[in-house]
Amino acid sequence: MPFKKGKVTNPTGRPKGATNKISAETRDYLRDYLIANKEKFEDEMNKMHGRSYALTYLAMMQYILPKPATAELKEVPKLEAFIAMTKEERQAIIDEVQENLKNENDE
């Protein structure tokens with residue numbers, strides 16, 4: 001057996017907060033793609049309604065926003081609540097997230 005129980009082969013390990021390289025590359029690619037194809041993406045998203053819209057939106061967000069630490073989690077509306085929102089309410093949330101991302105990038 002090459003490893004002894006209880007012995008750490010890399011005591012320093014990965015630094016806390018270090019990002020996964022593949023996730024970072026995927027996030028960067030997706031962001032660049034969405035920026036380059038913004039109008040087409042918005043047109044396609046505007047054609048969606050209800051569950052398909054919400055699922056697509058949430059799927060995209062996981063690549064754009066960092067995952068919050070457990071301590072940072074706050075009450076987030078459930079998917080059903082998001083789906084039940086009017087188009088204007090969902091758009092207001094999207095606009096707020098986009099503004100927050102823009103502000104983070106400008107810093």
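A few comments on the model shown:
- When residues in segment 5-21 are screened for being within 28 Å of LYS102 (Cβ to Cβ) and charged (D, E, K, R), 2 of them pass.
- For segment 47-85, the set of residues classified as part of a helix (DSSP H, G or I), modelled with pLDDT under 85 and more than 14 Å from the chain's Cα centre (by Cα) consists of THR70, ALA71, GLU72, LEU79, GLU80, ALA81, PHE82, ILE83, ALA84, listed by residue number.
- Condition check for GLY13: farther than 30 Å from THR86 by Cα and among the small types (Gly, Ala, Ser): yes
- When residues of segment 22-46 are limited to those that are under 16 Å from VAL97 (Cβ atoms) and within 16 Å of the chain's Cα centre (by Cα), the one modelled with the lowest pLDDT: ARG27
- Taking residues in segment 87-107 that are surrounded by 10 or more Cβ atoms within 10 Å (Cβ to Cβ), and partners anywhere that are small (Gly, Ala, Ser), the pairs with Cβ atoms closer than 9 Å and at least 6 places apart or on different chains are ARG90/ALA54.
The values are calculated or read from the model by the stated rules, or taken from the named source; none is laboratory data. Every value quoted in this text rests on a predicted model; they were computed, and no experiment measured them. With ideal geometry, Cβ positions are generated from the backbone for all residues, glycine too; neighbour counts draw on all protein chains shown.
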